[in-house]
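J.: Right, I'll just put the structure down here and ask away after.
The values are calculated or read from the model by the stated rules, or taken from the named source; none is laboratory data. Everything quoted here is computed from the prediction, not taken from an experiment. Here the Cβ positions follow ideal geometry from the backbone for every residue, glycine too, while neighbour counts run over all protein chains shown. These area figures cover heavy atoms from the full protein model, side chains too; ligands, DNA and RNA do not enter into them. Shrake-Rupley method; radii C 1.70, N 1.55, O 1.52, S 1.80 Å.
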Amino acid sequence: LSGFTRTHADLDVRISAETRVLDLERDGLDLAIRHGPASLAGAGAVRLFGERVFPVCSPKLMKDAKRPLHEPADLRHHVLLQYDDPEGRHPWLHWKTWLEIERLADLRPAGSLSFSGYDQIIPAAIAGHGVALGRSPLVREAIAAGELVAPFRRSADPARAYYAIVARNSAGRPEVADFVAWLKEEARKEPR
């Protein structure tokens with residue numbers, strides 16, 4: 001973001017992180033970055049990047065010979081770090097979904113820890129508290145830094161992506177077009 005603001009010093013960029021979907025026109029916003037299926041993104045949405053979901057853990061867990069972690073069935077020896085989603089709005093982040101895809105629906109882990117926010121799960125995984133479902137590219141840097149490892153080659157593609165949605169009232173503004181172009185360029189740089 002500092003690269004964009006350096007080249008557009010005259011613009012006031014304000015970031016508002018919300019989990020609820022805001023009405024861009026009503027709330028006076030120029031654009032939003034939303035995560036979801038293409039069918040809900042809208043006709044004018046610009047796809048930035050997709051994501052994959054796969055188990056990640058601290059390298060410390062991989063070294064425990066008493067609790068192997070070589071194949072998905074080995075998850076029975078470990079605590080699973082779970083996203084607490086009582087309304088079921090985010091099924092792609094649930095271990096239940098990932099285990100069903102792996103044909104391990106009956107697997108019983110050694111335990112589970114639930115968190116109200118995804119941003120809490122990854123630090124817990126880095127600290128060695130259990131195995132989390134990582135979301136690419138959100139865990140890319142932690143993997144590159146050696147803080148996390150992906151013990152299995154398999155991942156699930158939840159058919160969801162991140163989209164830039166521009167408000168109708170802002171669509172013709174050059175500074176908004178510049179910001180969307182910058183977002184696309186930044187997303188293009190990220191490995192998938």
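J.: Inside segment 62-84, can you point out the residues that are in contact (Cβ under 8 Å) with a residue 60 or more places away in the chain, closer than 20 Å to GLU147 by Cβ and open to solvent by 10 Å² or more (accessible area, probe 1.4 Å)?
T.: Residue satisfying the conditions is MET62 alone.
J.: Do we have ASP23 as surrounded by 12 or more Cβ atoms within 10 Å (Cβ to Cβ) and not hydrophobic (A, V, I, L, M, F, W, C) here? It would help to see each step written out before you state the result.
T.: On the way: surrounded by 12 or more Cβ atoms within 10 Å (Cβ to Cβ): no; not hydrophobic (A, V, I, L, M, F, W, C): yes.
In short, no.
J.: Output the qualifying pairs, or none if there are none: Cβ atoms under 9 angstrom, residues six or more apart or on different chains, first residue in segment 85-97 and among the basic types (Lys, Arg), second residue part of a loop (DSSP other than H, G, I, E, B).
T.: LYS96/ALA105
J.: Something else now. (1) open to solvent by less than 50 Å² (accessible area, probe 1.4 Å); (2) touching a Gly at 6+ places or on another chain (Cβ under 7 Å); (3) at pLDDT 90 or above: which one isn't true of ALA161, the others all being true?
T.: Of (1) open to solvent by less than 50 Å² (accessible area, probe 1.4 Å); (2) touching a Gly at 6+ places or on another chain (Cβ under 7 Å); (3) at pLDDT 90 or above, only one is false for ALA161: (3).
J.: Next question. For the condition open to solvent by 50 Å² or more (accessible area, probe 1.4 Å) and not in a helix (DSSP H, G or I), what is the one hit in LEU138, LEU104?
T.: Of LEU138, LEU104, the one residue that is open to solvent by 50 Å² or more (accessible area, probe 1.4 Å) and not in a helix (DSSP H, G or I) is LEU138.
J.: Where in segment 1-90 are there helices (runs of 4 or more DSSP H), lying wholly inside it, with at least 2 residues that are in contact with a Ser or Thr (Cβ under 6 Å, 6 or more places away or on another chain), among the basic types (Lys, Arg) and more than 24 Å from SER155 (Cβ to Cβ)?
T.: Ranges flagged: none.
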